Amino acid sequence: SDAHKILVLAGDGIGPEVMREVARIVQWLSAHRGLKLEIKEELVGASSLAVHGVPIRDEVIELAKQSDAVFFGSVGDPAWSHVAFDKRPEVAILKLRKELELFANLRPAQLFDALLDASALKPEVVRGLDIMIVRETVGGIYFGEPRGIETLPDGSKKGINTEVYTTSEIERVARVAFDLARKRDNRVCSVEKSNVMESGLLWKEVITDLHKRDYADVQLTHMLADNCAMQLVRDPKQFDVIVTGNLFGDLLSDLASMLTGSLGMLPSATLGVERADGKRNALYEPIHGSAPDIAGKGIANPLAQILSFAMLLRYSLNRSEDAELIEKAVSNVLTSGLRTADIMSDGMARVGTEMMGQSVLREMEKLSS
Ligand code: NAD
Ligand code: IPM
Ligand code: MN
């Protein structure tokens, strides 16, 4: 059939809550704009552990490989925080990234004008903010060997993780960053700790070489990761595209989310290598987690999940008009003054997850009528 195969993995905590709001939007796009999806749903994370005893089944990984895109919620549950690493809910997302070779995680941080007040920074510092963090996601200290916890002769213990990056791992993620920059403001800032880490030194060298060879038209700068964290708060608009490793990218993107008002606002796309059929594996997810502190209360912000679906439409299905419709609807709803608790400010109208999702849909209807 000509339907796009989408694997939906809602996961834990607020994952299923915010996913419901996207489901309504998908139904509407299917009924009114000719979107054809063949959707499969599976359990991942603690939800899968409870039923199948593993955070993600091999069948689900296989399904993911056969899909045009994976649409992911979030995983994590404090009930499982005392078990061995291979039994943690988080294994689901780590395994998906690794097995599908989803190496380039695009985390855009854009500020909607209506949320100027919700940003943690002064309006003049963030107005018009539009940066793209490209985070490497299948290498670095998340996956490097050796790793583990060893017991020393005196009975005390040693926890070990290793930061590893190879030339080809650095090059392929840097290419994604340079290619993106060419469609934006044509600037890339590469972030590492080349003053302390060999992996960081290699990172800098490989990107410098690649830039000379293939991307001399793009403006390239380098920055140490600690300084980058500071600069993102001092003057975030100095950045266009930031490219960095797995751990620094994780930290810097959570930091960047607060410039836009909330962690509940930021979507992401993770792109993989090209497959035999010419398509690219891809997974879309908000950058936030399962938020156990607010799960079940109906107050989570669904916009990051909704905007992640817009990214899926744009990058995997080539339906940028539908993506823009969603983004415009989100912008209008925020302009109308509706706010979930995480982005609430004086004079605005507070709504829950469901009302926010429905309002976006109503706005999409209005915009397209
Ligand atoms: P988190 O992102 O779940 O939450 C951090 C804070 O932000 C919490 O106070 C939460 O209430 C708030 N928040 C997050 N998303 C929100 C939303 N949409 N609307 C309103 N508020 C929101 O991070 P955490 O608390 O450090 O981690 C909780 C669990 O989630 C852990 O098990 C962690 O491993 C997991 N996690 C999973 C993913 C993922 O699945 N990709 C990402 C991050 C964290
Ligand atoms: C994220 C999360 C994950 C990460 C965890 C849940 C493994 O924090 O997607 O940002 O650290 O990559
Ligand atoms: Mn994270």
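The values are calculated or read from the model by the stated rules, or taken from the named source; none is laboratory data. Predicted, not measured: the structure shown is a model, and the values here were computed from it. Neighbour counts are summed over all protein chains in view; Cβ atoms, including those assigned to glycine, are modelled from backbone coordinates with ideal geometry.
Annotations for the structure displayed:
- For the stretch 179-200, a residue qualifies if it is surrounded by 15 or more Cβ atoms within 10 Å (Cβ to Cβ) and within 23 Å of Ile141 (Cβ to Cβ), and the qualifying residues are Val188, Cys189, Ser190, Val191, Glu192, Lys193, Ser194, Met197, Ser199, Gly200.
- Residue within the stretch 54-64 that is farther than 21 Å from Gly148 by Cβ, outside any helix (DSSP H, G or I), away from ligand 2 (no atom under 13 Å from the Cβ) and of a type outside the set (A, V, I, L, M, F, W, C) present: yes
- Residue match in the stretch 71-79 (condition: assigned by TED's automatic domain parsing to the domain that holds Leu7, among the hydrophobic types (A, V, I, L, M, F, W, C) and closer than 24 Å to Arg275 by Cα): yes
- Residues in the stretch 158-178 that are surrounded by fewer than 22 Cβ atoms within 10 Å (Cβ to Cβ) and assigned to a loop (DSSP other than H, G, I, E, B): Asn161, Thr162, Glu163, Val164, Thr166.
- When Arg319 is tested against (1) within 11 Å of ligand 1 (Cβ to nearest atom); (2) under 20 Å from Lys366 (Cβ atoms), exactly one condition is not met: (1).
- Among the candidates Asp113, Asp86, Asp68, residue that is under 25 Å from Val333 (Cα atoms) and either over 15 Å from the mean Cα position of the chain (by Cα) or of a type in the set (Ser, Thr, Tyr) (or both): Asp113
- Single residue of the stretch 92-101 satisfying the filter (crowded, with 20+ Cβ neighbours inside 10 Å and within 16 Å of Ile287 (Cα to Cα)) that is nearest to ligand 3 (Cβ to nearest atom): Ile93
- Candidate set from the stretch 266-280 (those that are assigned to a strand (DSSP E or B) and away from ligand 2 (no atom under 15 Å from the Cβ)); member that is surrounded by the most Cβ atoms within 10 Å (Cβ to Cβ): Gly272
- Among the residues listed as Phe72, Phe85, the single one being aromatic (Phe, Trp, Tyr), within 16 Å of ligand 3 (Cβ to nearest atom) and out of contact with any His (no Cβ under 9 Å at 6 or more places or on another chain): Phe72
- Residues within the stretch 315-336 that are farther than 16 Å from Ser262 by Cβ and more than 22 Å from the chain's Cα centre (by Cα), tallied: 3
- No other residue among Ile299, Ile294, Ile306, Ile326 is more than 16 Å from ligand 2 (Cβ to nearest atom), over 21 Å from Glu363 (Cβ atoms) and among the β-branched types (Val, Ile, Thr) apart from Ile294.
- Taking residues in the stretch 241-268 that are within 19 Å of Gly128 (Cα to Cα) and within 13 Å of ligand 1 (Cβ to nearest atom), and partners anywhere that are charged (D, E, K, R) and modelled with pLDDT under 95, the pairs with Cβ atoms closer than 9 Å and at least 6 places apart or on different chains are Gly261/Asp117.
- One residue from Leu283, Leu307, Leu312 being under 18 Å from the mean Cα position of the chain (by Cα), assigned to a strand (DSSP E or B) and surrounded by 23 or more Cβ atoms within 10 Å (Cβ to Cβ): Leu283
- In the stretch 32-60, the residues that are farther than 23 Å from Phe309 by Cβ form Cβ pairs under 6 Å with partners that are polar (S, T, N, Q) and buried (at least 18 other Cβ atoms within 10 Å of the Cβ), at six or more places apart or across chains, as follows: Pro55/Ser48.
- The stretch 128-157: number of residues that are surrounded by fewer than 13 Cβ atoms within 10 Å (Cβ to Cβ) and of a type outside the set (A, V, I, L, M, F, W, C): 11
- Of all the listed residues (Glu38, Glu62), the sole one being among the charged types (D, E, K, R) and touching a strand residue (DSSP E or B) at 6+ places or on another chain (Cβ under 9 Å) is Glu38.
- One residue stands out in the stretch 127-157 among those that are assigned to a loop (DSSP other than H, G, I, E, B), of a type in the set (A, V, I, L, M, F, W, C) and more than 16 Å from ligand 3 (Cβ to nearest atom): the one that is nearest to Trp203 (Cα to Cα), namely Leu129.
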